[in-house]
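Participant: My structure is below; once you've seen it, I'll send some questions.
The values are calculated or read from the model by the stated rules, or taken from the named source; none is laboratory data. This structure is a prediction, so every number in the text was calculated from the model and none was measured. Here the Cβ is made from the backbone with ideal geometry for all residues, glycine too, and neighbour counts use every protein chain on show.
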Amino acid sequence: MDDLERQRRLRLERDALLDTPNCLACLHRMEPTDVDGVPVWQCPECGTTQPA
Ligand SMILES: [Zn+2]
């Protein structure tokens, strides 16, 4: 992997982190998933979902 590729990946990871909401109930970082084909965020800790 060259430097440009590494920088691009780092930027993508940072953006993904910034865009990831925290669970309103327990403040865990939510994970992207989908329910019936609709993208949503789901908390791995308490199972709360919210629209992506
Ligand atoms: Zn939660």
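Participant: Hey, does the stretch 22-29 have a residue that's more than 16 Å from the ligand (Cβ to nearest atom) and either among the charged types (D, E, K, R) or modelled with pLDDT under 90 (or both)?
Facilitator: No, because not a single residue in the stretch 22-29 is more than 16 Å from the ligand (Cβ to nearest atom) and either among the charged types (D, E, K, R) or modelled with pLDDT under 90 (or both).
Participant: I need the full set of residues from the stretch 1-15 which are over 20 Å from GLU31 (Cβ atoms), part of a helix (DSSP H, G or I) and either charged (D, E, K, R) or in contact with a Lys or Arg (Cβ under 9 Å, 6 or more places away or on another chain) (or both), in order please.
Facilitator: Residues satisfying the conditions are ASP3, GLU5, ARG6, ARG8, ARG11.
Participant: For the stretch 35-52, check the following and say yes or no: at least one residue is part of a loop (DSSP other than H, G, I, E, B), among the small types (Gly, Ala, Ser), surrounded by 11 or more Cβ atoms within 10 Å (Cβ to Cβ) and more than 13 Å from the ligand (Cβ to nearest atom). Steps first, please.
Facilitator: Of the residues in the stretch 35-52, the ones part of a loop (DSSP other than H, G, I, E, B) are 36-37, 43-48, 52.
Applying the additional criterion that residues be among the small types (Gly, Ala, Ser) yields 37, 47, 52.
Adding the requirement that they be surrounded by 11 or more Cβ atoms within 10 Å (Cβ to Cβ) leaves 52.
Next, from what is left, pick out any that are more than 13 Å from the ligand (Cβ to nearest atom): 52.
Yes - at least one qualifying residue is present in the stretch 35-52.
Participant: State which residue pairs qualify: first residue without any contact (Cβ under 8 Å) to a residue 24 or more places away in the chain and among the hydroxyl-bearing types (Ser, Thr, Tyr) and inside the stretch 14-36, second residue outside any strand (DSSP E or B) and near the ligand (Cβ under 8 Å from one of its atoms) in any location, beta carbons under 7 Å apart, and separation of 6 or more residues or different chains.
Facilitator: Taking only residues 6 or more apart or on different chains, the pairs are THR20/MET30.
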